[in-house]
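> One structure, pasted below without further comment.
The values are calculated or read from the model by the stated rules, or taken from the named source; none is laboratory data. Since we're looking at a predicted model, the values are computed, not measured. FYI the Cβ positions are ideal-geometry reconstructions off the backbone, even for glycines, and counts take in every protein chain you see. Quick note on the areas: whole protein, heavy atoms, side chains included, nothing else; ligands and nucleic acids left out. Shrake-Rupley method; radii C 1.70, N 1.55, O 1.52, S 1.80 Å.
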Amino acid sequence: MAAIIQQKEEKFKELEQYIDSLPDTKGELIRVLHKAQGIFGFLPEEVQRFIAKKMKVSTAKVFGVVSFYSFFTMEPKGEVDISICLGTACYVRGAEKILTELKKETGAEVGKTTPNGKFSITGLRCIGACGLAPVFTIGEKVYGRVTPEQVKDIIAQYK
Amino acid sequence: MSEVKIIIDGKEVHVAKGSTVLDAAKKIGVDIPTLCHLDLHDTKMVNQAASCRVCVVEVEGRRNLAPSCATPVVEGMVVKTNTIRVMEARKTVLELLVSDHPKECLSCAKAGDCELQDLTELCGLRGDSISGTAMSTYKKDITPSLIRDMDKCVLCRRCETMCNKVQEVGALSGINRGFNAVVSSAFELPMAETVCTHCGQCVAVCPTGALTEMNHTWKVVEALADPTKTVIVQTAPAVRVALGEEFGNEPGSIVTGKMVSALKAIGFDHVFDTDFTADLTILEEGTELLERLENFLEGKEGPSLPILTSCCPAWVNFVESQFHELIDIPSTARSPQQMFGSVAKTYFADKLGIKREDLVVVSVMPCLAKKFEASREEFAVDGNPDVDLVMSTRELADLIKQMNIDMEELEESEFDNPLGMSTGAGVIFGTTGGVIEAAVRTAYEVRTKKPLPKIDFEELRGFDGVRVASVAMDDVVLNIGIAHGLGNAKALLTEIRDGNPRNIHAVEVMACPGGCIGGAGQPYHHGDSSILMKRQAAIYQVDKNMPIRKSHENPAIAEIYEKFLGKPLSEKAHHLLHTHYHMKDKA
């Protein structure tokens, strides 16, 4: 427990140092949020409040930016983060059915993480691999031309 | 500044460079309809989101239509505002807005005052030409002072501009995107858990029913109908110079006498005046000012200067959540509304020989933050609030109409006694600069023991956002700072916090632009800030007409000290008329 708290403190320290290193914080909110998500993995309320106070902007404004851009997330990603393409090409080739299977096999919802922190699913719009449609990725690994039947076995490898 | 010549609908117009097409059109009487746009010139609020596209015009040589509110004039520009292309585009914009808007117009709190409704009427929209199943919906948020029903939001962003640019509170932001886009708080928290000060200026500028006040009208009707209750009412200074607008009177009409008659006709057992407790506030706050001045001059221990006024509840909320460094500086005096409640439920209830639970205290306020203030737990005794119900000026107008009372036909009458007697000093609490002028009138005479050479302190009056003036009181010169609008207050307070270079001793702050005359409970100004100036002039007129113009000369005030409170800052006065502030850490 003490180690986790210390780890968290170090993360806040790193973020603080980064903000302090900026010559002027004006107009740098998105850059700082990128950095913060890099450090913490996600942007919980606590981090957003910290950034607001530090950069002298309202918390509402910080949250406004976080909620606008789909890149930013307030949910911690799962240990196994699945990114599924829901772009046009994948969609017409059955991404919806793949997604249904993924949800069934992992118990996660799009944009959410399972309570045990194991799986999360992120819906994306085109990852530039339309030739492999339908496609999803787990970490660096790309699964292309997947059929709904294959999903169970793929997920089993990560359980 | 150089001028630009442009042609609008065939008419030549010369305007200053940097003006918008909308400004230019206004100059020659071409009335381009707008929705999101709002320009409150005198308070420096301009909402130029150009998000609604209702004000589009055709500009010769330009391919697409231009939003006139955000298009600067260019020499030789030829603009057409009423072509079929423009009219069709405007109609489509409105049809789209209406397609994503609840059709509750018959029972909407904003019915009759809705700018979207005015526009659909103006443009002759009929039926539902665009309908779909996709409707953006959002949870309702209800606070003690206001209701947010974002389903009715047209995303004009006026509330956001008001909250962030004018008031600089920062409680609101546009969040999410697409159909889920909405103006909300940090983490979509209920407003009551945010830095929101309840000033309600978002309500004052909202064009639709998305932001409205928490309405207490029916609770007042129920209390009046309860035979076991004695129901009394107090009216704030700024109400009497604005209520008339709801009955078709010119802005700035003074309707004090008719308002009192209307309240009596409604059935209140006693009609009293918050101006009475404004006078009481001056005795308490003025004495505190003099005490702190002595501490300051003699370098004694204890609270010193500067001192801040504490009448404005939104201002108090602002200090509590965003100015922790200065939390010990505001006067401890409660606001006149709360002093009234406190005195009514002790001194007056005793006089009537009834229990506090059987006395219902209703306020009529130009303010929405007063609704929140009345709900603060420190202003209740065993769960029974000092002020039970707070109506806005608008709500009172509605109640008068519901009670079948014709304001025009009413004779004028006087407030009841003892809590209805007041002075000119009490009434100027309704405008920016008024509280501190009232305090100075009393502080001067108490300290110098000489009559004021001139009652009117012109140097403290005006409409500039931040004003600083000096007032000599024999051997000392008091530097006084005045700010209205929370953004201006923030600037002045930051200056004081960071070293106070202008050596300011006393500060008056009112959260709303113009002070209480521009409060969020007043009749909607719909962007016409000249209305605020007229109300301000009326307040000073009421002051001028009063036989007594200094709080300490009010005989009813002398009586309440003699019979009940002892003297200013006595133990009893501290208990009943003062308060303390809490730091709050909110998002």
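> Once R0 is set to 25 Å, what does the formula 1/(1 + (r/R0)^6) return for the Cβ-Cβ distance between B:Leu297 and B:His574, expressed as a FRET efficiency to the nearest 0.05?
0.60
> Shifting gears a bit: Would you mind checking B:Lys264/B:Lys544; A:Lys54/B:Lys140; B:Lys5/B:Lys91; A:Lys118/A:Lys152; B:Lys264/B:Lys370; A:Lys13/B:Lys490 for any pair whose Cα atoms are more than 20 angstrom apart?
Violating the 20 Å limit, Cα to Cα: B:Lys264/B:Lys544; A:Lys54/B:Lys140; B:Lys5/B:Lys91; B:Lys264/B:Lys370; A:Lys13/B:Lys490.
> OK, next. How many Å² of accessible surface get buried when A and B come together, counting both sides, probe radius 1.4 Å, rounded to the nearest 100?
Looking at A and B, the buried total is near 1100 Å².
> Rg and Dmax of the stretch B:3-122, Cα atoms, in Å?
According to the Cα coordinates of the stretch B:3-122, Rg and Dmax are 15.3, 48 Å.
> Here are some pairs, B:Lys450/B:Lys572; B:Lys103/B:Lys139; A:Lys35/B:Lys139; A:Lys11/A:Lys103; which of them have Cα atoms lying more than 24 Å apart in this structure?
Flagged as over cut-off: B:Lys450/B:Lys572; A:Lys35/B:Lys139; A:Lys11/A:Lys103.
> Considering chain A as a Gaussian network with a 10 Å cut-off on Cα pairs, which listed residue, A:Gln48, A:Gln17, A:Gln37, attains the greatest mean-square fluctuation?
Its mean-square fluctuation being the largest, the pick is A:Gln17.
> State in Å² the accessible area per residue of chain B; use a 1.4 Å probe, count heavy atoms of protein chains only, and round to the nearest integer.
Per-residue accessible area for chain B comes out at 40 Å².
> Next up: Could you sort the residues of the stretch A:16-62 by number and keep only those whose accessible area is reduced by 30 Å² or more in the all-protein-chain setting relative to the chain alone, 1.4 Å probe?
At a threshold of 30 Å² (probe 1.4 Å), the residues of the stretch A:16-62 that become less exposed are A:Glu45, A:Arg49, A:Ser58, A:Thr59, A:Ala60.
> Can you tell me the orientation of helix A:2-21 relative to chain A, as the angle in degrees between its alpha-carbon axis and the longest Cα principal axis, to the nearest 10?
Helix A:2-21 sits at roughly 70 degrees to that axis.
> Which residue fluctuates the most in chain A, going by a Gaussian network model with Cα springs under 10 Å, if the choices are A:Thr25, A:Thr122, A:Thr106?
A:Thr25
> While we're looking at this one, here's another question. In nm, to one decimal, how far is the modelled label at B:Glu408 from the one at B:Phe179, with both set 7 Å along Cα→Cβ?
Roughly 4.9 nm, to one decimal.
> Compute, for the stretch B:141-213, the length of the dipole vector about the Cα centre, with Cβ point charges of +1 (Lys, Arg) and -1 (Asp, Glu) only. Units Debye, rounded to 20.
280
> What dipole magnitude, in Debye to the nearest 20, does the protein assembly as shown give about its Cα centre under +1 on Lys/Arg Cβ and -1 on Asp/Glu Cβ?
2580
> Could you order the peptides B:363-372, B:71-80 from most to least packed, using the average number of other C-beta atoms within 10 Å per residue?
B:363-372, B:71-80
> Can you spot the aspartates and glutamates whose alpha carbon is less than 14 Å from B:Lys229's alpha carbon? Ignore those fewer than 8 places along the same chain.
Result set, ordered by chain and number: B:Asp269, B:Glu357, B:Asp358, B:Asp388.
> Leaving out ligands, DNA and RNA, what percent of the accessible area of the protein assembly as shown is carbon and sulfur, probe 1.4 Å?
The computed percentage sits at 52.
> Here is a further query. Which whole-number percent is the relative contact order of chain B (Cα, under 8 Å, 6+ apart)?
Value for chain B: 16 percent.
> When only Cα pairs under 8 Å and 6 or more residues apart are kept, what is the percent relative contact order across the stretch A:80-156?
Once normalised by length, the contact order is 40 percent.
> Taking 7 Å along the Cα-to-C-beta vector as the label spot, tell me the B:Leu96-B:His526 distance in nanometres, rounded to one decimal.
Once both label points are built, they end up 2.6 nm from each other.
> Any idea which of B:Ala111, B:Ser253, A:Ser120 is furthest toward the positive side of the dipole for the protein assembly as shown, if Lys and Arg beta-carbons carry +1 and Asp and Glu beta-carbons -1?
A:Ser120
> Mind checking the dipole of the stretch A:80-156: about its Cα centre, +1 per Lys or Arg Cβ, -1 per Asp or Glu Cβ, Debye to the nearest 20?
Dipole size: approximately 100 debye.
> Can I ask one more? Just to be sure I understand the model, the point goes 7 Å from the Cα along the line to the Cβ. What's the resulting B:Arg85 to B:Asp350 distance in nm?
Each label point lies 7 Å from its Cα, and together they span 7.8 nm.
> Output the 0 to 90 degree angle, nearest 10, between the alpha-carbon long axis of helix B:313-322 and the longest principal axis computed from the alpha carbons of chain B.
The helix B:313-322 is inclined about 80 degrees to chain B.
> Continuing with the same structure: Quick one: plug the Kirkwood hydrodynamic radius of the stretch B:482-587 (C-alpha pairs) into Stokes-Einstein at 25 °C, 0.890 mPa s, and report D in µm²/s.
139
> Can you list the residues of the stretch B:167-199 whose accessible area drops by at least 30 Å² going from the chain on its own to the full set of protein chains, with a 1.4 Å probe?
Going by heavy-atom accessible area, the residues of the stretch B:167-199 that drop by at least 30 Å² are B:Gly170, B:Ser173, B:Ile175, B:Asn176, B:Arg177, B:Ala186, B:Phe187.
> Can you tell me, using C-alpha contacts under 8 Å and at least 6 residues apart, the relative contact order of the stretch B:178-303 as a whole percent?
Worked out over the stretch B:178-303, it gives 17 percent.
> Per residue, how much accessible area does the stretch A:1-113 show when a 1.4 Å probe rolls over the protein heavy atoms, in square angstrom?
With the other protein chains kept in place, the stretch A:1-113 gives 58 Å² per residue.
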